[in-house]
1. Using Cα pairs under 8 angstrom and six or more residues apart, how large is the relative contact order of the range 3-63, in percent?
2. With 10 angstrom as the radius, rank 45, 24 by how many other C-beta atoms surround their C-beta, starting from the fewest.
3. What is the distance, in nm, between label points placed 7 Å from the Cα along the Cα-to-Cβ direction at residue 22 and at residue 63?
4. Consider all pairwise Cα distances in the range 3-63 and report the whole-number % of them above 20 Å.
5. Using the alpha-carbon atoms, what tilt in degrees (0 to 90, nearest 10) does helix 45-62 show relative to the longest principal axis of the chain?
6. Taking 0.36 nm per residue of sequence separation and subtracting the Cα-Cα distance, how much length would be gained by fully extending the chain between residue 43 and residue 11, in nm to one decimal?
C-alpha cells in the first residue's frame with residue numbers, strides 16, 4: 001500500500017467513525033462515573049488531521065515489507 005492509498009482509506013475510516021459518533025453519539029461523563037449521557041460528536045479540523053496522520057502511519061507500518069533472515073552455511077553447517 002502506498003501513501004495515497006493509505007490516505008484514501010484513512011478518510012473512509014474517519015467518515016465511518018464520524019457517522020457512527022454523530023448518529024449513535026458518544027458517552028460523556030460529568031465527574032461522577034454513574035452520571036453520563038450520550039451526545040452527537042464531531043471532529044474539529046485539527047483533530048481530523050491528527051487522526052488521519054495516525055491512521056496513515058498505522059496502515060503504512062502494517063503493510064511495510066519486512067526483511068526476512070536467511071540461514072548462512074559455513075563449512076557445510078547451517079547456522
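1. Working: 47 pairs, mean separation 24.5, N = 61.
RCO, the range 3-63: 40 percent.
2. Numbers: 45 7, 24 10.
In order of increasing Cβ crowding within 10 Å: 45, 24.
3. Placing both labels 7 Å beyond Cα along the Cβ direction yields 2.6 nm.
4. 40 percent
5. For 45-62 against the chain, the angle is about 30 degrees.
6. Working: separation 32, 0.36 × 32 = 11.52 nm, distance 1.26 nm.
Taking 0.36 nm per residue and subtracting the Cα distance, the gain is 10.3 nm.
None of the figures in this text is laboratory data; all of them are computed from the coordinates on show. Computed from a predicted structure; not experimentally measured. Heads up, the Cβs are rebuilt from the backbone with ideal geometry, glycines too, and the neighbour counts pull from every protein chain shown.
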